[in-house]
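To start, the structure under review is shown below, and the notes come after it.
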Amino acid sequence: MSVHSEIKKITTETLRKMKFDKEKITMLTAYDFTTAKMVDAGGTDAILVGDSAANVMAGFETTLPITLDQMIYHTQCVVRGVSRALVVADLPFGTYQSNSEKALDSAVKMMKEGGAHAVKIEGGEEIEDSIRKIVNAGIPVMGHLGLTPQSIYQFGTYKVRAKEDAEAGKLIKDAKLLEELGCFALVLEKIPADLAKKVTESISIPTIGIGAGADCDGQVLVYHDMVGMNKDFTPKFLRRYLDLYTEITGAVAQYVKDVKEVNFPNDKESY
């Protein structure tokens with residue numbers, strides 16, 4: 001039995017205690033009311049309203065096109081479906097990198113209009129001023145290091161990050177900086193497992209991994225990937241718990257067949 005399973009509402013402090021108690025943290029994405037309700041009922045500790053909505057909800061190739069107002073809409077939908085999980089919302093590309101005033105305005109808007117419990121932003125020392133400003137305003141910030149999808153055109157690839165010593169050293173330095181700035185947790189994406197372990201042991205705030213090995217304090221996956229809605233996305237780090245693509249297309253095909261053959265609706269399904 002989880003030591004925190006009876007908690008009615010997960011907070012940023014809950015996650016910190018979970019790290020201290022060595023209880024793994026679970027996080028999944030959600031972008032709409034119905035999904036959020038199911039993910040919350042399943043017992044996940046945190047829900048990320050990710051800018052991955054640009055990919056799985058809107059069909060964009062990268063996360064860059066999604067706007068702050070669109071992210072606020074998705075967050076509003078998710079918050080209405082959640083009773084227990086901590087809801088963290090991504091601030092999308094272009095809403096915090098340019099200057100700290102804009103970053104604060106974006107975060108305030110997400111909290112006030114979106115109803116998020118915290119925001120997540122990508123990067124280290126490059127966005128130090130933005131993080132400081134948001135945290136000082138009393139808004140909880142989750143950091144994100146390693147593969148940062150908003151910088152994909154700079155990286156040029158979705159391959160594993162921080163394999164080389166220089167980049168690994170910077171990542172550790174950035175993780176410690178984010179802790180000092182007051183971030184309550186940190187996502188580590190697609191980095192070597194031994195580096196993720198080193199980072200996790202060197203900071204007191206929780207690390208949540210995606211493609212970063214089992215030694216992080218928690219794990220996060222995109223819901224659509226985890227339940228097998230995305231047939232073509234097969235990264236090494238993904239474990240599929242369902243094959244909904246096959247189930248749903250099969251159900252649709254059966255519905256089409258039944259209607260065409262006048263098997264639906266039958267007498268019991270008619271008034």
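The values are calculated or read from the model by the stated rules, or taken from the named source; none is laboratory data. Because the structure is a prediction, the values reported are computed rather than measured. Cβ placement follows ideal geometry from the backbone for every residue including glycine, while neighbour counts extend to all protein chains displayed. Quick note on the areas: whole protein, heavy atoms, side chains included, nothing else; ligands and nucleic acids left out. Shrake-Rupley method; radii C 1.70, N 1.55, O 1.52, S 1.80 Å.
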- For segment 117-133, indicate whether the set of residues that are open to solvent by less than 30 Å² (accessible area, probe 1.4 Å), among the β-branched types (Val, Ile, Thr) and in contact (Cβ under 8 Å) with a residue 60 or more places away in the chain is non-empty. no
- Query: List the pairs whose first member sits in segment 174-185 and is under 18 Å from Thr148 (Cα atoms) and touching a residue at least 12 places away in the same chain (Cβ under 8 Å), whose second member is surrounded by fewer than 17 Cβ atoms within 10 Å (Cβ to Cβ) and among the acidic types (Asp, Glu), and whose Cβ atoms are under 7 Å apart, counting only residues at least 6 apart or on separate chains?
  - Reply: Asp174/Glu125; Leu177/Glu125; Leu177/Glu128
- Message: Take Gln254 and tell me if it is surrounded by 13 or more Cβ atoms within 10 Å (Cβ to Cβ) and not small (Gly, Ala, Ser).
- Response: no
- State which residue pairs qualify: first residue surrounded by fewer than 22 Cβ atoms within 10 Å (Cβ to Cβ) and inside segment 13-29, second residue modelled with pLDDT of 95 or more and assigned to a helix (DSSP H, G or I) in any location, beta carbons under 8 Å apart, and separation of 6 or more residues or different chains. Lys24/Met18
- Query: What helices (runs of 4 or more DSSP H) lie completely within segment 1-59 and have 2 or more residues being closer than 14 Å to Val87 by Cβ?
  - Reply: 12-20, 33-41
- Message: Among the residues of segment 98-111, are any of a type in the set (S, T, N, Q), at pLDDT below 95 and farther than 20 Å from Gly138 by Cα?
- Response: yes
- Task: Within segment 78-97, work out how many residues are within 16 Å of the chain's Cα centre (by Cα) and part of a loop (DSSP other than H, G, I, E, B).
- Result: 5
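When segment 134-156 is examined, which residues are found to be within 24 Å of Glu13 (Cβ to Cβ) and either surrounded by fewer than 20 Cβ atoms within 10 Å (Cβ to Cβ) or β-branched (Val, Ile, Thr) (or both)?
Ile134, Val135, Asn136, Ala137, Gly138, Ile139, Val141
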- Query: Looking only at segment 98-131, which residues are more than 19 Å from the chain's Cα centre (by Cα) and assigned to a loop (DSSP other than H, G, I, E, B)?
  - Reply: Ser98, Asn99
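Looking at segment 43-61, which of the residues that are out of contact with any Leu (no Cβ under 6 Å at 6 or more places or on another chain) and among the polar types (S, T, N, Q) is least open to solvent (accessible area, probe 1.4 Å)?
Filtering segment 43-61 for residues out of contact with any Leu (no Cβ under 6 Å at 6 or more places or on another chain) gives 43, 45, 47-61.
Next cut, among the polar types (S, T, N, Q) only: 52, 55.
Details: Ser52: 21, Asn55: 54 Å².
My answer is Ser52.
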- Task: Specify which of the listed residues (Gly114, Gly94) is surrounded by fewer than 17 Cβ atoms within 10 Å (Cβ to Cβ) and not acidic (Asp, Glu).
- Result: Gly94
